[in-house]
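The values are calculated or read from the model by the stated rules, or taken from the named source; none is laboratory data. In this text, all values refer to a predicted model and were calculated from it rather than measured experimentally. No Cβ is skipped: glycine too gets one built from the backbone with ideal geometry, and neighbour counts run over all protein chains shown. Side chains are part of the model used for accessible areas, which takes the heavy atoms of the whole protein and leaves out ligands, DNA and RNA. Shrake-Rupley method; radii C 1.70, N 1.55, O 1.52, S 1.80 Å.
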Amino acid sequence: MKISKLNGLFLLVFFAQACSSGKIITPTGEYSGVIPCADCPGIDYTLKLHEDYTYAESLNYQERDSPTLNNTGTYKVKNDTLIYLKSKPDNSGMQLFRLKDDQLVILDSYGKPIQSGCADAYILRKDYPNWVTEQINGQWELQSINQKGIDAGASSPNIEFMLKDKNFRGFAGCNRINGKVEQVGNTLQFGMPMSTKMACPQLKLESQFLRLITNRSWTFSVTKDQLQLSDATKTITFIRAN
C-alpha cells in the first residue's frame, strides 16, 4: 500500500512538472500492437483515443480460452506528447505513453521507456497491419526450433516472404522451395510448398523444416531482426538475413 501511494504521488508530481502553456495536441486515433506476455505468445493490444479525452482499450491474450478484455475511461495529455490514462489505478500496466509521430511508446510507472530485449514490442502504431507486413517481408534464416539451435552452416534453411503476393520462396537445406503464405491477423498460414528434387547426403533438417511450413498456421511475433513462429507445441525462430 505504501509503495502504491508513493507511485501515485510520483505520477502527480510528474504531470505537474510536465505542464506547459503551449497548445495541447489531442492524439486521436487507434493504436495497436502485440505486446509481450509472460505465459502466452503475446497480447493483442489496441488503444483508441477520442477527441473528448476518453479512451477504449482492448486486450486479447493469444492462445488463451478467455474473452477479450475491454476497458474505457478518460485520459490526459501533457506537453503534447505524454498520455496518461487517468481512469486506471495507479501503478497499473499500460497507463503512461509517449507520443512519437504516429506511434505510442508504452512507458513504465515512472514515465521511462521499458528496458528489455524486445523494446520494439512496446510500441503501438496507427498503421500496425502495414508495418507488420513490411517487417515480415524479406529474407529470414532459420535459427532454432524449440529453442534448439540450428548448426547447418552454409546449408541453413531460409525463407523469403512476399506477403503482398501471398508467396514465399527459399532454401530448405538442399532444395529450393516456393509456395503460398497468407497473413491473417497475427498468424501466417502456409500452403503446400513446391520443391526441387536434388539429392543431398543430409536431408533430415530439410524434411523437418518442410513439415513445419506445410499446410500449417503459426502465430507470429516480429521485430527488426527476429521473427518467431509459434503454436501450441512448437516455436520456430528466424533471424534477419544480411
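For the range 176-186, putting each phi into the Karplus relation 6.51 cos²θ - 1.76 cosθ + 1.60 with θ = phi - 60° gives couplings of 6, 10, 7, x, 9, 8, 9, 8, 10, x, 9 Hz, in residue order, rounded to whole numbers and with x for Gly and Pro.
Computed from the alpha carbon atoms alone, the convex hull of the range 138-191 holds 89 Å³ per residue.
When only DSSP loop residues count, what chymotrypsin sites (Phe, Trp or Tyr not before Pro) in the range 98-167 have their Cβ near at most 11 other Cβ atoms within 10 Å?
Details: sites: Tyr110, Tyr122, Trp131, Trp140, Phe161; in loops: Tyr110.
The qualifying sites are Tyr110.
Over the range 120-228, the pair-distance histogram of Cα-Cα distances with 5 Å bins from zero comes to 2, 11, 23, 24, 19, 12, 6, 2, 1, 0 percent, rounded to whole numbers.
For Lys86 and Asp65, the FRET efficiency from 1/(1 + (r/R0)^6), where r spans their Cβ atoms and R0 equals 51 Å, is about 0.95.
On alpha carbon coordinates alone, what is the Rg over Rh value for the range 48-137, Rh being the Kirkwood radius?
Values: Rg = 14.0 Å, Rh = 14.4 Å.
Across the range 48-137, the Cα-based Rg/Rh ratio is 0.97.
Sorted largest first, the spans of the alpha carbon positions of the range 96-180 along the three principal axes are 51, 31, 17 Å.
Can you give me the accessible area per residue for the range 89-194, using a 1.4 Å probe, in Å²? Write out the running numbers ahead of the final one.
Working: 5570 Å² over 106 residues.
On a per-residue basis, the range 89-194 sits at 53 Å².
Note on Thr196 and Glu182: the extension gain reaches 2.8 nm, defined as 0.36 nm multiplied by sequence separation minus the Cα-Cα distance.
Counting other Cβ atoms within 10 Å of each Cβ, which trypsin sites (Lys or Arg not before Pro) in the range 22-108 have at most 10 and sit in a DSSP loop?
Numbers: sites: Lys23, Lys48, Arg64, Lys76, Lys78, Lys86, Arg98, Lys100; in loops: Lys23, Arg64, Lys86.
Here the sparse-neighbourhood loop sites are Lys23.
Cross-linked pairs Lys100/Lys180; Lys76/Lys224; Lys100/Lys224; Lys166/Lys224; Lys88/Lys126: Cα-Cα separations exceed 27 Å for Lys100/Lys180; Lys76/Lys224.
Mind scanning Lys204/Lys234; Lys148/Lys197; Lys48/Lys164; Lys48/Lys86 and naming the pairs with a C-alpha gap bigger than 19 Å? Spell out each step's value before the answer.
Values: Lys204/Lys234 17 Å; Lys148/Lys197 27 Å; Lys48/Lys164 27 Å; Lys48/Lys86 15 Å.
Too far apart for the 19 Å limit: Lys148/Lys197; Lys48/Lys164.
Carbon and sulfur: what percent of the chain's accessible surface (1.4 Å probe)?
Ligands and nucleic acids excluded, carbon and sulfur give 51 percent.
Our note on the geometry: Cα centres of the range 93-144 and the range 60-91, 16 Å apart.
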